[in-house]
Amino acid sequence: MPLDQTTSPDVAGIGTSLRRPDALAKVRGEFEYAPDLLEPGMLWGATLRSPHPFARIVRVRLDPAKAMPGVHAVLGAWDVPDNRFGAINLDQPVLADDYVRYEGEPIAIVAADNPEIARLATEAIEVEYEPLTPITDAREALRQGKIYRHVEYTFGDPSVTGDVQAEGEYVTSRQDHSFMAPDAGIARPDGRGGVEVIGATQWVHADRTQIAFALGLPEEKVLVRNAGVGGSFGGRVSMTWQIHGALLALHTGRPVKFLYGRRETFQARYHRHPSRIWVRHHAKRDGTLVKLEARLLYEGGPYSHTSAAGIGNGCTLIQGPYRIPNAKIEGWAVGTNNGMCGPLRGFGVLQAIFACESNMDKLAAALGMDPSDLRAKNAIQRGDRWIFNQLQDRPTPVRELIETCRDLPLPPPLPEDESSIHPVHLPGGIATPSAPKHIRRGVAQCSAAKNVCLSEGAPVHSTATVTLRSGAATVDCAAAEVGQGFVTIAMQIVQTTLGIRNVTVTGVDTTMPPAATTDGSQQTVTSGTAVQIAAEKVRQRFLRFFAREHNLDPGTLALADGYVIGPDGRQLADIDEAGMGLIFRATERFDQRATRPLDEADSDAPVHVTIGFSANRCVVDVDVELGLVKVVQMDVVQDIGLTVNPVQAQGQIEGGSVQGMGLALTENLKFEDGRVCNADWRQYHVPTIVDAPDIHAAFVCHPEPGYPFGWKGIAELPHVQATASVVAAVRNATGLELPVAPASPEAVASVVDDSQARLLTPSTTERLRGPWKVAPPEEPSGPWGSWGSERA
Amino acid sequence: MILDTPELAVVESIAEALNAKRSRPFARFVSGGTELVADQNLGIVCPEGYISLRYVSEMTRVRVAEDRVEIGAGCTIAELLEEPLATALPLLAKAARAFGTRQVRNRGTIGGNIASGLPDRTLTPCLLVLDATVTLESGNGTRTVPVRELLVGPGITSIDPAELVTSVTIPRVAGFQDYRMVGPRNAQFYVTASIALVIDPSDRDVRVALGNCAPTAIRIPEAEAFALGAVDWDTSTLAESAAVEFGRLVGEYCDPPEDSAASAGYRRHAATVMARRLIRLGFESLSR
Amino acid sequence: MKTDALPDYTLQVNGEPMQVRGARFSENLLSVLRYRLGLTGTKYGCEHGQCGACTVHIDGKPVNSCLELAATAVGREITTIEGYNPPDGSLTRLQECFVRHGALQCGYCTPGFIMSASAFIEDHPNASAEEIREGLVGNLCRCTGYGRIIAAIQEAAEVPDAT
């Protein structure tokens, strides 16, 4: 049955494409986001940031700024009661004290009457630096022992080798979240010695913990609330302005607003860990995988942030969705001065899947096998053990996904008649020098696995309160809505459970018990489950009440379509009236199953709560000579357990796929000598409406055990595999190795340098060899064997 | 004048503009603002004042004659896509279609695109290849110079700070004229490299210019000279090997930058390929 | 220190005269609309003309308000999303299409798209998907992948047959 393509306000419950409750406000521009917050009497904040990637701070003089008219406060490191914060480890200063370790690191903050004065005040602060030599290369960081985490494990018999082997070294670049709303918010004193911080975050409770800690306050004195969030994609996990704002608000006694520009939003925040991954697949001649070897090097920033979690994800899901009986895996997360790194949709796994899928295609070529057949043949199955020693004990439709996806109809080729083609269909777009005779079409299929929920012992739980009164319900849950549509899902869950339509989801703040962070594709399966359990409790309490009032057995009653339904299916009473104005309420907590760190090999617990699967078939048109690429179409088939909201689920596939395409072709936040080169949207290129291909999403639904409706996390998989899929399709069109994402026009055109620029005529049918070749390592253990030996 | 303050003057005539500049030497002329105000917002420049030329009607006049078109410097890029300019200047219409976004085209002006001096601007290769001339006015009078004389270096023009670009005069040309470009994605980008080509059989002329392949937009006289000799003007044909050589010369005689968007080698390669393809396309369409 | 204010000026916004007091010469219209006039429906995305979240109409033309020096807009008709909206709280056909097609997720780009698209469909009745792609290039979206935005605009651009 085809999926809904439109939303409606008149449908209700799980399985419908209920319209987002905030859609009307958003389309009228009346929905308030963090950058929109305004308050009478508010001051404006500004931040002095380091111009150096690495330097000793010799002296800071705040007085010249303090003396300026219109300036109400200027604060430095010593004004922070406990100058530490961090997403996991408290290893990052709120304001740099003795050293600055990345370009853009905050040193001092100002509150002033208007943004212009605030900015000028930061420029008046005098700082004396002693610049030092930054570490700007991950391999150098490894050599110098700047290691946040070293992962090493084997599975099965690591001495096994395969008759056929393929290996490669693959690189992914630094990607920026580039959500549309820049960092912003307001902090205000609450008049009782505490502070309220209103902004846009994925996790209000984690923010509160860190703000309180840095301020030396008990958590009860800090309230964190979400205003509207303009996109997140994993990028609002750690704080930028929030502790600064709280400090200034308490210091001045007034609300303080921060609004970062787009450049500051680039510079102040973290980005996806660049990666360098060596992979070697071993197989029998019939294509059966026998061993996986991999070494993963993830580049983090100068503070640990979430790097340990990222490399853990990568070192496990480097396996891809394949059955592999033997493995030898090693990985490092290291720190450089190239700016902070942290989660971005598909955290730590996008890099690994890119390497895995790129190398699987290499293996297929070595075997002389069709790449889809190779994948299908080796699809992991229920009952298999992952190489990180986790039993795959739930539905595992990988083969089904690959085969379904592979067999979907291909788009028609470009017409022969050039004049009938609108230039948006051509690589290069309007005014492109490309014409059909210059273009080769490429097709490739990838499949991917991604952990759903935070892993390796991170506690993942949510608490929700559901209240029913007079036929209407409210949901209180601290799950951050960032655009993904959790608010709609929560409504639908309560609609189905309580048989009503009128459900309101309230805003998110720390007066509520904690919910899971909006990360790891985990909100529906964690907070959604908590909402469902709470609603179910309310349902039972309501039916118990009704049953007692009417001398019935509550076990024979149901709630549906606004009515209490009797044992014979008859509508007994309107839910509204039947409630008699009473309040029915429940607060329930749901915990995901416990997971273990990778290193705790003896434990029975799984490493990941659960793992999701998807397949992507990508079609590209490539102007081979100029390296221009037009992604024509992507077809995605994904197991989502249960389709809660068809339009929203497709929206996740569509948006994620285009974002993944961005890293495949155009997105690369470049650093040189520790300095960012392209921190704005003129020079950092996200996909435009012309770049975006047609995306078709299809779902299979194998209910996930342990959840009342069998739902499964969706959001990250499409992004993860789109990067792999797009580059694979470009390889198919060009015959080049393209081991680096993004595959820029320069790489795809295979232009090495001035003197070796090759001119290709359209009649060339010879498959091109890429400029980059992997030489087999001298030792069998991989290319960085000698480097990892120096450990901190 | 619409507004007359020490830091901002909004003027209605060229005379007012020049006067405003005399009393505010630190102020920058601004028309569309699509480059200058963006740079200001990014903190790249910090103007101490502005003189807005938005409402100078003298600078938005268009005069279409049989042999040439005179466009006020204040004409927007969007107007290049409308009549009468779209028909009178098809090359500029092609470039205008590829220019930025609708929002930017509604504000960006021809004068601004020239006065910028950046080597990646959309219109300058087209103006070079059309042998356009630019009229400038200042307190010392008026001068008209070929566009090429204004383009000195990357972001550097020979326009005096107290001078105003008031109009552009473009000879009309029949024959083949086209503009192509490559960039880091498929829409809305600053060109990695661009090319404008004119083939005028009536004059037996081939003219080619590149964008972002040198410190300024440039013509490639070496390639043009080769083409003049290689073309069979009686049949309007060019041998395939000559098209290849033309491309090679275009690539050889440019001097592209290396930056975070692309290497010099790729730009040179792109110029070579685009030139070969475009001249081939040009002669194919002429011989039809 | 350049913080001298301009004399008060009046901008005609959504049919109403609005006083701008104490603004500096370099303030752009986006800033003035949002922080001096409290009209936060127009969104701040990049402030350098790349994303279109700040799109307003000036004399009916869609422009990036971040690139407009606010004081130069004196005497023009400025229309923001607040002025585009039907005053009774309902939706225009274009807005209804966006909502029905699920063409928004976080919604931050949406007001800019509405302002851009409303001008676009006036000039392009029955626009094709290709024309919509070309015409809306000045508006970025990070959440949706654009497909549903194109479908919404395409439906809104349909003009019923005269026959």
Conditions (1) over 19 Å from A:Cys315 (Cα atoms); (2) surrounded by 19 or more Cβ atoms within 10 Å (Cβ to Cβ); (3) in contact with a Ser or Thr (Cβ under 8 Å, 6 or more places away or on another chain) -> A:Thr136 fails only (2)
Can you find a residue in the stretch C:142-155 that is in contact (Cβ under 8 Å) with a residue 60 or more places away in the chain and either surrounded by fewer than 24 Cβ atoms within 10 Å (Cβ to Cβ) or under 26 Å from A:Ala200 (Cα atoms) (or both)?
-> no
Pairing a residue in the stretch C:104-119 that is closer than 19 Å to A:Pro182 by Cβ with any residue that is of a type in the set (A, V, I, L, M) and assigned to a loop (DSSP other than H, G, I, E, B), where Cβ atoms lie under 6 Å and the two sit 6 or more apart in sequence or on different chains, gives C:Tyr108/A:Met180; C:Tyr108/A:Ala181; C:Cys109/A:Met180; C:Cys109/C:Ala53; C:Thr110/C:Leu104; C:Gly112/C:Ala53
Condition set within 14 Å of chain C (Cβ to nearest Cβ) and outside any strand (DSSP E or B), scope the stretch A:211-230, selection nearest to C:Cys109 (Cα to Cα): answer is A:Gly230
Condition set out of contact with any Gly (no Cβ under 7 Å at 6 or more places or on another chain) and β-branched (Val, Ile, Thr), scope the stretch B:199-246, selection surrounded by the fewest Cβ atoms within 10 Å (Cβ to Cβ): answer is B:Thr235
Counting only helices (runs of 4 or more DSSP H) entirely within the stretch B:29-122, those with at least 2 residues that are within 12 Å of chain C (Cβ to nearest Cβ) and under 24 Å from B:Ala187 (Cβ atoms) are B:36-41, B:77-80, B:102-105
Of the conditions (1) in a loop (DSSP other than H, G, I, E, B); (2) out of contact with any Phe, Trp or Tyr (no Cβ under 7 Å at 6 or more places or on another chain); (3) away from chain C (no Cβ under 14 Å), the single one that A:Ile430 does not satisfy is (3)
Of A:Asp176, A:Asp207, the only residue that is within 14 Å of chain C (Cβ to nearest Cβ) and at pLDDT 95 or above is A:Asp176
Kindly evaluate A:Pro459 against the criterion of being in contact with a Leu (Cβ under 6 Å, 6 or more places away or on another chain) and touching a residue at least 40 places away in the same chain (Cβ under 8 Å).
no
The condition of being in the same structural domain as A:Val748 (by TED's automatic domain parsing) and in contact with a His (Cβ under 9 Å, 6 or more places away or on another chain) holds, among A:Val644, A:Val632, only for A:Val632
Going through the stretch B:1-25 in order, the residues found to be in a loop (DSSP other than H, G, I, E, B) and either facing another protein chain (nearest Cβ under 10 Å) or over 22 Å from C:Gly22 (Cβ atoms) (or both) are B:Ile2, B:Thr5, B:Pro6, B:Glu7, B:Val11, B:Glu12, B:Ser13, B:Pro25
Does B:Asp131 fit the bill of being assigned to a loop (DSSP other than H, G, I, E, B) and crowded, with 21+ Cβ neighbours inside 10 Å?
no
Reported set for the stretch B:155-199 where residues are within 14 Å of another protein chain (Cβ to nearest Cβ) and part of a loop (DSSP other than H, G, I, E, B) is B:Gly183, B:Pro184, B:Arg185, B:Asn186, B:Ala187, B:Gln188, B:Phe189, B:Tyr190, B:Val191, B:Thr192
Of (1) β-branched (Val, Ile, Thr); (2) free of Cβ contacts under 8 Å to residues at least 60 places away in the same chain; (3) in contact with a Phe, Trp or Tyr (Cβ under 7 Å, 6 or more places away or on another chain), A:Ile421 fails just (3)
Scanning the stretch C:116-158 residue by residue, the ones that are basic (Lys, Arg) and away from chain B (no Cβ under 14 Å) total 2
A careful count of residues in the stretch A:640-669 that are touching a strand residue (DSSP E or B) at 6+ places or on another chain (Cβ under 7 Å), surrounded by fewer than 24 Cβ atoms within 10 Å (Cβ to Cβ) and within 8 Å of another protein chain (Cβ to nearest Cβ) gives 0
The condition of being acidic (Asp, Glu) and without any contact (Cβ under 8 Å) to a residue 12 or more places away in the chain holds, among A:Asp373, A:Asp384, A:Asp407, only for A:Asp407
- Query: Is it the case that A:Val127 is closer than 30 Å to A:Pro325 by Cβ, more than 35 Å from the chain's Cα centre (by Cα) and at pLDDT 95 or above?
  - Reply: no
Filtering the stretch A:16-30 down to residues that are assigned to a loop (DSSP other than H, G, I, E, B) and either more than 25 Å from the chain's Cα centre (by Cα) or among the charged types (D, E, K, R) (or both) yields A:Thr16, A:Arg19, A:Arg20, A:Asp22, A:Arg28, A:Gly29, A:Glu30
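Yes or no, residue by residue, for (1) within 14 Å of another protein chain (Cβ to nearest Cβ); (2) crowded, with 16+ Cβ neighbours inside 10 Å; (3) in a helix (DSSP H, G or I):
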residue: A:Pro2; (1), (2), (3): no, no, no
residue: A:Ile14; (1), (2), (3): no, yes, no
residue: A:Trp44; (1), (2), (3): yes, yes, no
residue: A:His52; (1), (2), (3): no, yes, no
residue: A:Val60; (1), (2), (3): no, yes, no
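The values are calculated or read from the model by the stated rules, or taken from the named source; none is laboratory data. Everything numeric in this text was worked out from a predicted model, so none of it was measured. We place every Cβ from the backbone using ideal geometry, glycine too, and count neighbours over all the protein chains shown.
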